[in-house]
Amino acid sequence: MKKNEMYSYIAASLAILIPVQGRFAYGLILIIALNLFLIFGILVRKLLVKIQLQDFQSVITAVFLVSAAILYKQILIFYSPVNALVLGFSIYMTAAATYLTSFLYGNTERTLKDDIIFNMKKSRNYSILALVFFLFRDIFGYGTITFPVYSGLKSIVLIKSKSNFSFGTFWATIPGALFLFAMLIALFALINNKFNILAETEESSGENKPVEEKASEEKKNDQ
Amino acid sequence: MAEDNKNTESQSKWYKSKELTDYGIFLLILVVLLSVISLFIITNRNTWNKGLSEQVKIVLEKNGYKKVAVDRVPLTINSPMTTSCAAYTVNYEGCADNEKAIILKVSTLYGPVAAVYLYHGNKTVDFVDFTSSERISEKQNKDLSKNMQINYWKNRIPAILPEAVENKEGGSK
C-alpha cells in the first residue's frame with residue numbers, strides 16, 4: 001500500500017470508525033453506505049468523462065456524493081428512525097471518506113467494469129477490517145452482537161456480566177476506539193514493513209546470482 | 001476550399017448538438033435525482049415522527065411511567081442549532097397538563113446516544129433514560145454523563161422549547 005493511500009485510509013477511519021458508538025449494527029450501516037457511495041461515485045466519474053465535463057469532476061462528484069448521502073439517510077429513516085437519529089452526521093462523513101479513499105477526484109483510464117472491480121477489491125479489504133473493528137468493540141465493550149432493526153438495535157448477548165463494573169467497557173469508549181485503532185495501525189505498519197523487506201531481499205538476491213547459475217539458466221532457455 | 005468550409009461548419013454544428021444532448025442528459029439525471037430525494041424527504045416525515053414517538057413511549061414505559069400516550073404530531077423546536085431531535089406532547093398516569101417529551105442525540109464518552117427527557121413546564125426538565133441502557137457500558141455511560149452532557153441538555157431544553165406550538169410539519173432532522 002502506498003503512503004498516500006495509507007494516510008487517506010487513516011483519515012477516513014478517524015471519520016467513520018471512531019466517533020460512532022461501538023456497536024456492530026452501526027458499523028454495518030456505515031460500511032454498506034461506504035460501498036454504495038463508492039459505486040455511485042465511480043458511475044458519476046464515468047458519466048462526466050462521457051459528457052466531457054472532467055474539468056469540474058472534483059466538484060460535481062462531491063455534490064453527487066452528498067446527494068447520495070442524503071438519499072441514504074432518508075432510506076435509513078424509513079428503515080430505522082432511531083438509528084438515523086443516532087448516526088446523524090456520520091453518514092455525510094462516510095461520503096467524504098469515500099471521496100478520499102477512492103481518489104474519486106482523480107482520473108483513470110480503466111473501463112467502467114475494471115474500475116468498479118478494482119475499487120471494490122480495495123474497499124472489500126477495508127470493509128472487512130472496519131467490520132471486525134466494530135465487532136471487537138461490540139463483543140468486548142458491550143458483550144453483545146447487535147443488528148439494526150426498526151426499533152433500534154437487536155442484541156444477541158454473548159457475555160453476561162453480573163458485576164456493576166467491567167474492564168471490557170474501555171473498548172466501548174471513544175478513547176478505547178482510538179487506542180484500538182492506533183494498535184491496528186502499528187500492527188499494519190509492522191506487517192507492511194516485513195513484506196517490503198522480503199520483497200527487497202528477493203529483488204537483490206535475483207540480481208546477485210552466481211555466474212554458473214546464470215549460465216545454466218541461459219542453456220535451459222536456449223533449449 | 002468552399003467544400004472544406006462547408007464540412008467544418010457541419011462538423012462544428014454536429015459537435016454543438018452533441019454537447020447540448022450530453023448536457024441535457026446530465027441535467028435530466030440531476031433533476032431525477034433531486035426529485036427522488038425530495039419524494040423520500042416528504043414521505044419520510046411521518047415515518048420519522050412515528051418511529052421516534054414510539055421510541056419515547058417505549059423508554060417511558062421501561063422507566064415505570066404508566067398508561068403512556070405520546071402524540072405523534074411533533075412540536076416545533078425553536079433553534080436552528082439543534083439538529084437530530086424531536087419533541088412530542090405526552091400523557092401518563094399522574095402527569096400535569098401540557099407535559100412534553102423530547103428525544104435527542106447526546107454526545108457522550110461512548111459515542112452519540114439517543115436520550116429522552118421530560119419537560120414539565122416552568123423550566124423543569126427531568127432526564128428519563130437513554131433508548132438503549134441494558135448493558136453495563138450503557139449504565140456506566142449514564143453515570144459518567146450525568147454531570148456534563150445530561151445536565152447540559154436539562155438546562156438547554158427550556159430554551160429550545162419556550163413557546164412550543166403544535167405543528168404538523170415540525171421536527172428537525
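Out of the residues in the range B:30-42 meeting the condition of being facing chain A (nearest Cβ under 8 Å) and loosely packed, with under 14 Cβ neighbours inside 10 Å, tell me which one is farthest from A:G152 (Cα to Cα).
So the residue we want is B:L34.
Scan the range A:177-198 and tell me whether some residue there is under 20 Å from B:E138 (Cα atoms) and either modelled with pLDDT under 85 or within 11 Å of chain B (Cβ to nearest Cβ) (or both).
yes
Only residues that are away from chain B (no Cβ under 14 Å) and among the aliphatic types (A, V, I, L, M): list them for the range A:87-121, please.
Passing the criteria: A:A96, A:A97, A:L100, A:L104, A:L112, A:I116, A:I117, A:M120.
Please verify whether the range B:107-114 includes one or more residues that are surrounded by 19 or more Cβ atoms within 10 Å (Cβ to Cβ), polar (S, T, N, Q) and within 14 Å of chain A (Cβ to nearest Cβ).
Yes, some residue in the range B:107-114 is surrounded by 19 or more Cβ atoms within 10 Å (Cβ to Cβ), polar (S, T, N, Q) and within 14 Å of chain A (Cβ to nearest Cβ).
Name the residue, out of A:A25, A:A84, A:A62, A:A68, that is in a helix (DSSP H, G or I), over 30 Å from A:T169 (Cα atoms) and within 13 Å of chain B (Cβ to nearest Cβ).
A:A68
Listed here are the residues, each with its yes/no results for (1) over 16 Å from A:S13 (Cβ atoms); (2) under 21 Å from the mean Cα position of the chain (by Cα); (3) surrounded by 15 or more Cβ atoms within 10 Å (Cβ to Cβ).
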{"residue": "A:N35", "(1), (2), (3)": "no, yes, yes"}
{"residue": "A:R45", "(1), (2), (3)": "yes, yes, yes"}
{"residue": "A:D55", "(1), (2), (3)": "yes, no, no"}
{"residue": "A:F78", "(1), (2), (3)": "yes, no, yes"}
{"residue": "A:P81", "(1), (2), (3)": "yes, no, yes"}
{"residue": "A:T101", "(1), (2), (3)": "no, yes, yes"}
{"residue": "A:N107", "(1), (2), (3)": "yes, yes, no"}
{"residue": "A:T111", "(1), (2), (3)": "yes, no, no"}
{"residue": "A:R124", "(1), (2), (3)": "no, yes, no"}
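Can you name the residue in the range B:59-81 that is surrounded by 18 or more Cβ atoms within 10 Å (Cβ to Cβ) and within 14 Å of chain A (Cβ to nearest Cβ) and is also nearest to B:P158 (Cα to Cα) among such residues?
Within the range B:59-81, the match that is nearest to B:P158 (Cα to Cα) is B:I77.
When both residues are 6+ apart or on different chains and their Cβ atoms are under 7 Å apart, which pairs have a first residue that lies in the range A:87-107 and is in a loop (DSSP other than H, G, I, E, B), and a second that is of a type in the set (A, V, I, L, M)?
Close Cβ pairs (under 7 Å, with a partner that is of a type in the set (A, V, I, L, M)) amount to A:S102/A:L38.
I'd like to know if the range A:115-132 contains one or more residues that are touching a residue at least 40 places away in the same chain (Cβ under 8 Å) and not in a helix (DSSP H, G or I).
No, the conditions are met nowhere in the range A:115-132.
Which residues, taken from the range B:87-123, are more than 16 Å from B:V70 (Cβ to Cβ), in contact (Cβ under 8 Å) with a residue 12 or more places away in the chain and in a strand (DSSP E or B)?
Listed by number, the residues that qualify are B:K105, B:V106, B:S107, B:T108, B:V113, B:G121.
The values are calculated or read from the model by the stated rules, or taken from the named source; none is laboratory data. Source: prediction; values computed, not measured. All Cβ positions, even for glycine, are placed from backbone atoms using ideal geometry, and neighbour counts span all protein chains on display.
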